[in-house]
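A short write-up of the structure that comes next.
The values are calculated or read from the model by the stated rules, or taken from the named source; none is laboratory data. Computed from a predicted model, the values in this text were never measured in an experiment. Don't worry about glycine lacking a Cβ; one is built from the backbone with ideal geometry, like all the others, and counts go over all protein chains shown.
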Amino acid sequence: MTSEDQQPVAVDTAAAEKPQSPKIFADIASSFTYASYQNAIPVLRGIGVENRSDRQADALRLELSSTPAFLRPKTWTIDRIVPGDHLPLGDRKVELDAGYLAGLNEAERGEITLRLVAGSEVLDEHRHAVRLLARDEWGGVADMAQLLPAFVMPNDPAVSSLLRKAAERLAAHGHPSGLDGYQSQDPKRAFMLAAAIYSAIASMGLHYAEPPASFESRGQKIRRPGTIAEEALATCLDTTLLFAAALEAAGLHPVILMFDGHAAAGVWLTKRTFGNAIETDQMEVRKALASRELIVFETTGVTHRPAMTMEAAQRARPAPRRRRSVRLRRRHRRASRAQRRHHASGLA
């Protein structure tokens, strides 16, 4: 064959790069705990199928399963998807196995598998590694900021004991012993209630426990109020959640502030909260502090010997760097109702 006989060959590289079958797209939560089930946190934030091939696909099944079996398997049927179509699926409800998650005492690794099938042929498959946390474990701000309120337990019996002590301290100083929240509409009275609760927790003789590294982003196991009272040990997050539980039980709106490697508590002296469930605008926090409607204090001051006073704990609060504010909402309190019926009101 001579060079004259050879014909040029055109290669359509765009066509060659086109996928030959539809593909899955999905946005899946990376951590799960029993509180995820109790508060109906979605497993799937988004899921669907797209067809960037030049062929129509018919009678597809999208199958979801997990290892271990911490969620119920689910199958979606897709009748047809034409070339160029991007098809989000509206039914994203996936049921977690409450019994499995409630029985976890230690964290485990898990995997969610998505498989797109046509007949007996697997067209696409995705495997997503996830963390399965212990029942009493919080997953950190990155994954579970909205679930931290589930670990505030104002109905724990140990909190009732603290409130009795707080009422006794109020009476001993000649003040009304009622834990009446904002009924007086007097910020001084709200501060007095908070100070009495601080004094009651300081009297527990708690010892400081070092939290895991980067707990604010990766999470940690949480001690219940009763466990703190029994062990007399607490991390900064444990003491912060204990204060939040007691303040809410007294009818006040507690606040939790998350920093790099630390947590602190606060309380509104007037009946209000932040506008957002998770407040990341530091200016909103600064304005509330400047108005004296919100006070913030160092909770580990109660582990010092002698314990810090409430005023000293306020002065010792962390500097306002990389602060994240979260307001507790009732819908994220169901987990600890199952643990010890609770109801949380404010997290910042």
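The residue list Ile222, Ile201, Ile256, Ile228 contains one member that is modelled with pLDDT under 95, in the same structural domain as Arg164 (by TED's automatic domain parsing) and either of a type in the set (D, E, K, R) or within 25 Å of Leu163 (Cβ to Cβ) (or both), which is Ile256. When Ala194, Ala145 are screened for being within 15 Å of Val255 (Cα to Cα), in contact with a strand residue (DSSP E or B) (Cβ under 7 Å, 6 or more places away or on another chain) and modelled with pLDDT of 95 or more, only Ala194 passes. Against the criterion of being in contact (Cβ under 8 Å) with a residue 60 or more places away in the chain, part of a helix (DSSP H, G or I), more than 18 Å from Tyr198 (Cβ to Cβ) and of a type outside the set (Asp, Glu), Val302 does not qualify. When the residues of segment 259-271 are filtered to those that are surrounded by fewer than 21 Cβ atoms within 10 Å (Cβ to Cβ) and at pLDDT 95 or above, the one that is farthest from Arg317 (Cα to Cα) is Lys271. Restricting attention to segment 186-205, does a residue exist that is within 27 Å of Gly140 (Cβ to Cβ), over 26 Å from the mean Cα position of the chain (by Cα) and not basic (Lys, Arg)? Scanning segment 186-205, I find at least one residue that is within 27 Å of Gly140 (Cβ to Cβ), over 26 Å from the mean Cα position of the chain (by Cα) and not basic (Lys, Arg), so the answer is yes.
Is it true that Ala150 is surrounded by 14 or more Cβ atoms within 10 Å (Cβ to Cβ), in contact with an Asp or Glu (Cβ under 9 Å, 6 or more places away or on another chain) and of a type in the set (Gly, Ala, Ser)? Give the derivation first.
On the way: surrounded by 14 or more Cβ atoms within 10 Å (Cβ to Cβ): yes; in contact with an Asp or Glu (Cβ under 9 Å, 6 or more places away or on another chain): no; of a type in the set (Gly, Ala, Ser): yes.
No.
Thr299 - would you say it is closer than 26 Å to Glu210 by Cβ and touching a Cys at 6+ places or on another chain (Cβ under 8 Å)?
yes
Among the conditions (1) under 22 Å from His262 (Cβ atoms); (2) touching a Gly at 6+ places or on another chain (Cβ under 8 Å), Ala145 misses just one, which is (2).
Does segment 177-234 hold any residues that are in a helix (DSSP H, G or I), crowded, with 18+ Cβ neighbours inside 10 Å and among the aromatic types (Phe, Trp, Tyr), and which are they? If the condition is that a residue be in a helix (DSSP H, G or I), crowded, with 18+ Cβ neighbours inside 10 Å and among the aromatic types (Phe, Trp, Tyr), then Tyr198, Phe215 are the ones that fit. Could you list, in sequence order, all residues of segment 266-292 that are touching a strand residue (DSSP E or B) at 6+ places or on another chain (Cβ under 6 Å) and either of a type in the set (D, E, K, R) or within 20 Å of Ala194 (Cβ to Cβ) (or both)? Gly266, Val267, Trp268, Phe274, Glu279, Val285, Ala288, listed by residue number. Within the set Ile41, Ile78, the sole residue that is closer than 17 Å to Arg135 by Cβ and either at pLDDT 95 or above or aliphatic (A, V, I, L, M) (or both) turns out to be Ile41. Restricted to segment 307-321, and to residues there that are modelled with pLDDT of 95 or more and outside any helix (DSSP H, G or I), the residue that is farthest from Cys236 (Cα to Cα) is Thr309.
For Gly84, the conditions (1) exposed (fewer than 12 other Cβ atoms within 10 Å of the Cβ); (2) outside any loop (DSSP other than H, G, I, E, B) are fulfilled apart from (2). Taken across segment 247-262, residues that are without any contact (Cβ under 8 Å) to a residue 24 or more places away in the chain and not small (Gly, Ala, Ser) do not occur at all. Of the listed requirements (1) modelled with pLDDT under 95; (2) outside the structural domain of Pro212 (by TED's automatic domain parsing); (3) within 30 Å of Thr240 (Cα to Cα), Ser120 misses just one: (3).
Are any of the residues in segment 172-183 at positive phi and without any contact (Cβ under 8 Å) to a residue 60 or more places away in the chain? Within segment 172-183, one or more residues are at positive phi and without any contact (Cβ under 8 Å) to a residue 60 or more places away in the chain.
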